[in-house]
Each structure stands twice: as structure tokens, then as C-alpha cells.
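Here's the structure we're looking at; comments come further down.
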Amino acid sequence: MEQITPDKKISLQMVLDQLKQENLAPADADAKIQTYIESKPDVPNPWYIQVMVGFSAWLAAIFFLIFLIGVFRIEEKSFLVLGLLFCAAACFLKRMPKDVDLFVIFLNQLALIANVTGQVFILIWVGCTFRDETPICLAAIILQLIMLLVYPDKIQRFATPVVIISAIIPILQELSIQFSMHFFIVAVAAGTLAVWLFLFQPFFIKWADYAHPIAYGLILSFLHLLLVSVGEGYEYDRMFKGLVGGCWWPTTVGLMLCFWVLIAHIFRFYKQPLEKLFLIVLLASGVLAWITRESPGILGSIFILVLGFYRSTKLVQALTIIFLAIFVIHYYYFMDVTLLTKSFILMGVAVLLFMTRAFLVCKCCCTKEEKPCI
Amino acid sequence: MQKQANVERLLDMAKVAGLSQEAIHRSLDIGKVLPDRAAWRAFLDKLLIFLGTTFGLSGLVFFFAYNWANLGKWLKLGLIPVAIIALIALATWKKVDSLIGKCALLGASVLVGIFLAIFGQIYQTGADPYELFIGWTLLIIGWVLIARFPALWIFWLLLANASLILYYQQTQNWYRSYNELQILLFLMNLLALIAWEIGASFFDWLKARWAITLIALYTFSIVTTHLVVYIFERRDQPPTIVWLYIIFVLAIFGFYRYMKHELSMLAINCLSLIVVITAAIGKELVHHLEDCLMMAIIVLVLATISVAWLRGVAKSWNK
């Protein structure tokens, strides 16, 4: 058995041997894993290739839709039949057995185009029939849920939370419930947190093919939803003012609570006592939340950044940094105070962050052997 | 089984072997795929320093932008050099190799720009904004060189880009010189990309892939956008950009396919090619709605070939 040393790269075999030594893995695990590894095609499919596939399918679907609608002058009622046919064709193409690599990719792309076209056709039919925004959004939500179950594809699974969350916003507008946007954003944050925290539970691991793309879709939806807080102007007021109620602090408070739950979970995971260090983190995030209360994107981004680091996903961290930059710039430009007050607040935040670092990194995180850095 | 442990593989293993919750956590722990104490420490250190520096510098920018009447011109002009000296002293004390030292140099570099702006405001020098940016870019180059900090190099490149754009906006006919500006911007960022890639072979601090990807994405976005604009609107101008694009695409393919194995760069290249080829064919061949079907098929075929090729390349590297 190979020994695990600090500078050595750890293989699956080494992990498994260690688990078996500690009686945490069954004796026949080797054979099962070996069979699984051999049966799984060793084809790399990183996220940027998925993005390229999604973008190309979306572009091709636009051309295809223009062609179908422009050339054939489809009647209103035919949209539903055609839409259902395209969705069924998409599922068939996706599920049919394939051998040759190039052919698989071609059919997958074709299935994705048929899927987009089918869904758009059904939504056009719903729009023509009900002549209202809400049924279209409800239909989009139902369609996404159905396709999530019947269409086995990572891009579809990723898109499901994005489309559903985007479709809920017009429904909230229609219902005109005061402050509902705050509850909605916090609910999405809590849902995202729950999914990411449970990602390593046996049940979620069993459904990892669904859970992982949905988890990434939730992150993008949440960050995208926070962009509502940086909007302004007449159109923005018309769309969101009723839902938001002219202030953003309720969202910030909700996000702060989510952040605290995350911190408590991290402390529990690393078996750290909820004492001094925990209280410092709560206090610092509380002060930051109070200062940036009208800009929930800042705390929201930091929340996702910490979550992304906790789950070791560089993609989430990179995406969050882009959004964080947008929220910080918005914070600079749209705070409703004089430039002088703004500058003092910003410098105050900087002092708070440096002080937190001094406590967290240099005093509390250091073990007895490590030399404090200040 | 000899493959390196990562989150995906360990979770696959847990699924197949039917591991318990405790065993899953232990496997992640043994595989060292989740951050340990030292990683959390480094993460918090970086996060708090970067956020603190960003907020602090923005606060300083707003403080001077407010143009406080109670502050006399000497005080205004004096405060910034004092802040710069303090930051340089901090960088010297904490050493330029430390993150604090690097951030202090970044702060000092930003303050140079504020100083130039305040100087121009007080003495009404009549200088154009592009002169301020060129001066700023040149004055901080020493610190950029000694800091060995990718973020500061990216900031410097951003200033160089801004200087070039402002120069053309303020001194040239914008419409006529658009072509020339885009080509110069492309060449400047391409040069930065080449220099960075060469430098990465010699210096560890230049191995930050995020910076290289960022420069490559920006370079691709400039050349692709400009070529699409050329295809649709500016066919009367010399086709320099077309030749530059062809050479660029081939060079990227050659370098990242055979010399430095990097699939993400090849994927960006393929995506750019899909956009350009679709635009070119669309401009030449789409005259009726019927032609859109052909466009859909072309995009489908291009994407299929790209994905198949990328996966083939990745497989050949793994062998």
C-alpha cells in the first residue's frame, strides 16, 4: 500500500486504501470502482466546451426559428403541435444509442436546437392563446421542469433554475406584492446555500448528474438576480419599484443571515468551536452588511465567494469576482450621499476589513507553531 | 485507480462504492481536495487585503474628487505625495514579495493618477485626458517592474489601452481612424500576451493563468468584433485585419495545440472562428428568410467539428 505524504499527489487508490484501513469502505469497493472507471468514457468535457456548445445551439436555434416562422407562416394552433413534436424529437435524439463520437456530438447539438425550438413554439402558442405574460411564464416554468426530467443533458439542467427564476420575476410583478423581491432573492440565496451544502450528502451524490448543473445554475441565477439592485431609471422604477419598496436593506439582512448559516456550517465541518473566531466573523460581516445595506450585491457576492472556496470550485469564484466588481462599482457611484461622506464610508470599510484581517488571519487562524504576521 | 483524486472522482467513487456520510467526508479529507486550515488562511488574507485595498483607494479617489474647499491647494497637492511615500515605505517594510507590499505598490500607482488629475485641476494645465493617462502609464512603470504582481501588470495594461483609445478619440477623426485604432489595440494586447507567455516560462509569478486568459479573451474580443464590423460595414477599407486574424488564429492553434497544451485557449479560438465564419457567410449568402436554414446548419456543423476536434485534442494529450 502506498503511503500518503504531504508533498505527494494522492490517487484514488490511495484514498480507497486509507478508507478500507479505517473500515469506512466495503472490501469489494475496488472491483466496483474499477469496473465503473473502465465503463465511463474518458472524454474530457470541461465547462467552456459546454458554454461553446450552448452558445452555438442557441445561435443555430435563432436561425432555425427565423426560417420556420418566416417561411412557413405557421398558424397559431400549429405552434403547440410543432412545439411538442420538436421537444419529443429532442428527447429521442438525446436518448438514442450512438457509437461514433462525431455523430454523437452532431445529434446532441441537433437535439439541443430541437429542444430550444420546441420550447419557444409552445411558449408562442401559450402567448397567442392567453395574450398575457403570466401564463407564458408559468408555461416556461412547467416546461423547464418537464424537460429537466425527460431530457438528459447538462446544459438543460443548468438552464432550468436560470429560466425558472427569471420567469418568476414577471409573475411577482403581475401580483404586485410589496417587498416580494426581497423575500424572493433571500429564498434563492437560501436554496443555493442548501443545494451546495448538501452536495456532498449520499443522497445528492446519487443524483449528482442533476444536482451539480442545477447547483451552478442556481449560483448564476442568484448573482444575476442581485443585478436588479444596481438598476436605475424610469424603466427600472416601472418594473421593480413596487416589488422592492424603495430600499434594499431587507435583502441585505436576509443575505447576512444566510452568510451566518454558511459560516456556522463551515465551523462545524472543520470541528471548530463557535467561540471567539466565530463571533469576530459574525460581527465583521454584520458591520459590513450595515454599511453596504443599500447594496446587497456586495455581501451577496462575498457570500458566494466563500461558498465557492469552501466547495473548491474555481469557476464559481471567478464568476463571483466579476459580479463583485460590478456591485462595488455600483456602490461607489450610486450611494445617495456627498462625495466626501462617500469617501469616509469607503475608507471606513477599508479600515474595518484590514482590522478583521488582523484579527482573523494573524491572531485567530494562527496555530501555536505559526508566527503571527503582524 | 491511479488517477489523481479530485472532487468529481471522489464523489463518483462514493456513489459507486455506496460510501456513508462519514466516509465521504473522510475521503475528501484524505484526498485533500477541500481547503485546509492553511488554504483558508491564505484565502482570507487575500480576500481581505484585496477588498480593503479596493475600498480604501476608492475612498481616497472620492476624497480628492470632492474638491473640498477647506483644503488649500498645497494641502491637496501635499497629501497625495505623503500617501504615496507612506505606501512605498510600507512596501519596503513588508517587502515587495509580500501581498501587502504588492498591494501598497498598486495603491501608490493609483495615487499617481490622482496626483496628476489634481495637479491639472489646480493649475489648469490645459492638458488633454490622454496626456494624463500616458503620463500615468509611464510614471508607474518602475513600480510595475519591481512589484512582480500580475494585478498591477493588468492595471498597467488597462492604462495603456485607455491612453491609446483616448489619444485617438481626442486627436484623430474617430470614424476614419477606427480601423487603425482597433488594429493597434489588437497588436498591443497581442504583444502583452506573447510577452506574458514567454515570461511565464522563466518567472513563477507570471504563471497566473487568470491573467493570461483575461488578456487572451480581451485580445480575441477586439479582433473578432473588429472583423465582424469589417465584414458588415467597412469593406471599403484595406483588409489588414483579415490577414492579421488569419495569422493570429493559426498561431494560437499552433502554440496552444502543440507547444503549451491549453484546451480553454483552443476553445476560445474555435468560438471566435464560429462567430467570424457565420458572420462572413451570413453577409454573403443570406438574402432571403429561406437562407436562415442553411445558416442554422452551418453553425451546427461548425460547432460539431469544433467540439469533436477539441475532445480529440484533449484525448491525444492524455495518452
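Data table
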{"read-out": "Shielding by other protein chains, A:13-23, mean Cβ within 10 Å", "value": "5"}
{"read-out": "Within the stretch A:74-175, GluC sites (Glu not before Pro) in DSSP loop having at most 12 other beta-carbon neighbours inside 10 Å", "value": "A:Glu75"}
{"read-out": "Helix-derived mean residue ellipticity, 222 nm - over chain B, DSSP H n ≥ 4, -39500 (n - 2.57), to 500", "value": "-27500 deg cm²/dmol"}
{"read-out": "B:Arg235/B:Gln172 FRET efficiency (R0 25 Å; Cβ-Cβ; nearest 0.05)", "value": "0.70"}
{"read-out": "Shielding by partners, peptide A:198-207 (average Cβ within 10 angstrom, other chains)", "value": "4"}
{"read-out": "For the protein assembly as shown: rounded, prolate or oblate by the Cα gyration tensor [a/c cutoff 1.5]", "value": "rounded"}
{"read-out": "Within the stretch A:101-145, backbone nitrogen closer than 20 Å to the virtual label 7 Å beyond the Cα of A:Arg73 toward Cβ", "value": "A:125, A:128"}
{"read-out": "Protection proxy ranking, peptides A:255-262, A:147-154, average beta carbon neighbours within 10 Å, highest first", "value": "A:255-262, A:147-154"}
{"read-out": "The protein assembly as shown, dipole about Cα centre (Lys/Arg Cβ +1, Asp/Glu Cβ -1), debye to the nearest 20", "value": "1400"}
{"read-out": "Zone of B:Lys73's modelled label, taken as backbone nitrogen in the stretch B:124-153 under 14 Å from a point 7 Å along Cα→Cβ", "value": "B:124-126"}
{"read-out": "222 nm mean residue ellipticity, helices alone, for chain A (DSSP H n ≥ 4; -39,500 (n - 2.57); rounded to 500)", "value": "-25500 deg cm²/dmol"}
{"read-out": "B:Trp309/B:Trp243 FRET efficiency (R0 22 Å; Cβ-Cβ; nearest 0.05)", "value": "0.40"}
{"read-out": "For chain A, built as a Gaussian network whose Cα springs stay under 10 Å, the top-fluctuating residue of A:Leu307, A:Leu175, A:Leu112", "value": "A:Leu175"}
{"read-out": "Tail beyond 30 Å, pair distance distribution of chain B (Cα, percent)", "value": "55"}
{"read-out": "FRET efficiency for B:Ala251 and B:Phe202, using Cβ-Cβ distance with R0 set to 25 Å, rounded to 0.05", "value": "0.75"}
{"read-out": "Fluctuation leader among A:Gln21, A:Gln272, A:Gln144 - chain A, Gaussian network, Cα springs under 10 angstrom", "value": "A:Gln21"}
{"read-out": "Residues of the stretch B:13-29 with amide N under 14 Å of a point placed 7 Å along Cα→Cβ from A:Tyr36", "value": "B:13-21, B:23-25, B:27-28"}
{"read-out": "Shielding by other protein chains, A:63-76, mean Cβ within 10 Å", "value": "4"}
{"read-out": "Cα shape, chain A, gyration tensor, a/c 1.5 rule", "value": "oblate"}
{"read-out": "Flagged links, alpha-carbon separation over 27 Å, of A:Lys9/B:Lys95; A:Lys206/B:Lys319; A:Lys94/B:Lys3; A:Lys271/B:Lys46", "value": "A:Lys9/B:Lys95; A:Lys206/B:Lys319; A:Lys94/B:Lys3"}
{"read-out": "Choice from B:His287, B:His261, B:His25 showing the highest fluctuation, given a GNM over chain B with Cα pairs closer than 10 Å", "value": "B:His25"}
{"read-out": "Inter-part distance where the stretch A:267-336 and the stretch A:84-146 are each reduced to a Cα centre, Å", "value": "37"}
{"read-out": "Kyte-Doolittle mean at least 1.6, axial Cα span of 18 Å or more - DSSP H helices of chain A", "value": "A:47-72, A:101-130, A:133-150, A:180-198, A:276-291, A:296-310, A:314-334, A:339-357"}
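Every read-out reported here was derived from the displayed coordinates using simple, explicitly stated rules and does not represent laboratory data. None of these values were measured; they are calculated from a predicted model. Note that each Cβ is placed from the backbone with ideal geometry, even for glycine, and that neighbours are counted across all protein chains shown.
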